[in-house]
Amino acid sequence: MKKLQYLLFFTVMHFYTCIAQSLIKDNNVDNSIDNVVKPLFKEDGPGAVILVSKKGEIIYHKAFGMSNLELNTDTNLNTVYRIASNTKPFTAVAVLKLCEQGELSLEDPITKFIKDYPVYGNNIIQVKHLLSHTSGIKNYNELNNFNKELEYSHETFINLFKHEDMDFSPGSDFKYSNSGYYILGYIIELVTGKTYSEYLNDTFFKPLGMTNTRVDDVHAIIPGRAEGYYQENYGFSKSNYMGNTFSSTPAGGILSTASDIHKWYKALYNGEIISESYLKKATQFYNLTNGEKARTGFAWFLGALNDSLFITHDGSDLGFYSSLVYYPKQDVFVVMLTNCNWVNGGEYINIPHRLAGILLDIDYYANYISNKYITDFKKIEGLYTSQTNENLILFSNNNELYIQSNDGRQSRLFEIEKNIFYSESNYYTLTWLKGSENLKSQVVIYDGDKRSFDWMSHINKKTD
C-alpha cells in the first residue's frame, strides 16, 4: 500500500512540475515577445495587433497603440486593418481552387479570358505566370497615367498597362507585379459570374467564420476599421484618398483582423481550402525557363531561417502595413497588422521573423541577415546621384553597410539577398547593380512595390 502511495505522490508531483515548467516557458516567450514589440508602438500613436501561434494554438495575441488618433480610439484584438499585398495569397488560392475544380487551368493563356490582350510573338502569358510574378507585364504602380484616386472599369484599368512594353518574356524572369494579380481577380469574376468580393466571401470568409474579413469598399461603414497613417518629421498624417478600384484591388484590397488571418492559414494547412498537391504547387519556388528559380511560388515569398523553411508575405499602402510568416514543419505562425507604415522608421518590418525566431530558438539577425552573403562592401561604397540631382552615400564600417541621404540621416542596410538590402530605419529595399567598363554602378530603391529613381555612381565600379 505504501508503494502505491509513494507512486501516486511522485506521479502528482511530476504532473504539477510539468505544468509549472510549461507556465514558466510560456511566460518567458510572452516576455521575450513583449521586449521586441512594446518599444515600437506607443500608447498615443498608431497601433498594431500581433498574433503568434504554435501547433495551431494561439500563444500570444495583443493589441498596441491607437486605431484612430482623431477619435482617441484604442486598438483592440478585433481592430480591422487593410492588409494590402497580403491579399495576393487569397487571390492565388482562389485561382488554385478554381483550377482544382476544373474551371481553370494553370496553362490557360490570358487571351482565353481577355480576347484582345496583345501577344508579342511567342510571348504567351499564362495563368501560372500571373501567379508567380513571371508574366513580364508592367506593374501599374510604375505608370505615370495610374491614379489611385480614380475609379475605373476592369477594361479601362487593364488598358492602362496592356499596351506597355513587356519587361521580359513570360516565364523567363521574376518581377513583382500588381497588374498580374489585378488580372487574376478579373479572371475569377469572368469564370464564376460573381464579383471578386462575392466569390471570396462565399467560398472562404463565410464558411471559415472570418466574420471581420471582407474586400474593401471606400463607401462602406465598416465597424472597427482602423485609420491609416504616415509618420512624418512633424508627427503623423492621414493616408490619401483612394477610389474603389484601388481600394478593392485583388492585388491588395482585403480588410481583416489578426485572428481571422490565423483562421485562414490554419484551415489552409489543414486541407480545408485546397488539396495538399495544389498547396505544394503554391509554396515551392517557381522554375524559370532559364533553369533558375523565381523568388516566389504562387504569391508567397519563400525562404529558410537556419534551414527551417518558411512562407512569408507583407503588404504596405495607404498608411497600413501587414506582415506574416509561417513555418509549416514547426507549425509556427506570426502575423502583425499595423495602421502606420513608418512607425519608428520602419523597424517593425522584420518583426514576424524575429518573433518566430524566439519560438524556434533562432536569432533572426545572426542566422538570416547578418553576413549571410559576406559581400565585399568596399565595391559598393561611394556617392550616387539621382536623375533629380539628389545624392546618397553608401559606406561601410566594421563590415556593416550604411546609407546616408541628402539630409544627413544614416541607416544601416541589411543584406537579404546577394546585393539586395533593406533599410532598418526606412521602409524600402535597395538593389545594387555592378558597373562595367562602360557602365557606372547603379542603385535602385523600391519604396514598397514602387520603383524610385535610380542613382548612378560618380565613378565606374569595375568589379568581378
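Before moving on, here are some points about what is shown:
- Accessible surface of region 153-267, 1.4 Å probe, proportion on carbon and sulfur as whole %: 48
- Assigned charges on the beta-carbon of Lys, Arg, Asp, Glu; region 63-111 dipole about Cα centre (debye): 140
- Solvent-accessible area of ARG225 with every protein chain in place, 1.4 Å probe, in Å² to the nearest 10: 80
- Inter-label distance, nm, simple model (7 Å from Cα along the C-beta direction), ASP165/ASN397: 4.2
- Taking all protein chains together and rolling a 1.4 Å probe, HIS163 ends up with roughly 120 Å² accessible.
- Nonlocal amide H pairs with LEU305, under 5 Å, H built at 1.01 Å: PHE310
- Using the Cβ of VAL215 as centre and a radius below 14 Å, the other residues enclosed give a net charge of 0, where K and R count +1 and D and E count -1.
- Residues TYR278, TYR181 ordered from highest to lowest accessible area at a 1.4 Å probe: TYR278, TYR181.
- Looking at region 31-117, the accessible area is 41 square angstrom per residue; that uses a 1.4 Å probe and ignores ligands, DNA and RNA.
- The GluC sites (Glu not before Pro) of region 46-126 meeting both criteria, a DSSP state outside H, G, I, E and B (loop) and at most 15 other C-beta atoms within 10 angstrom of the site's C-beta, are GLU70, GLU103, GLU107.
- For the residue pairs LYS97/LYS206; LYS62/LYS206; LYS175/LYS293; LYS42/LYS88; LYS162/LYS281, the alpha carbons lie more than 18 Å apart in LYS62/LYS206; LYS42/LYS88; LYS162/LYS281.
- ILE158 sits with roughly 10 Å² accessible to a 1.4 Å probe, with DNA, RNA and ligands left out of the calculation.
The values are calculated or read from the model by the stated rules, or taken from the named source; none is laboratory data. Since the model is a prediction, treat every value here as computed from it, not as a measurement. Every residue, glycine among them, receives a Cβ derived from its backbone with ideal geometry; neighbour counts consider all protein chains shown. Areas reflect the complete protein model, heavy atoms only, side chains present, ligands, DNA and RNA absent. Shrake-Rupley method; radii C 1.70, N 1.55, O 1.52, S 1.80 Å.
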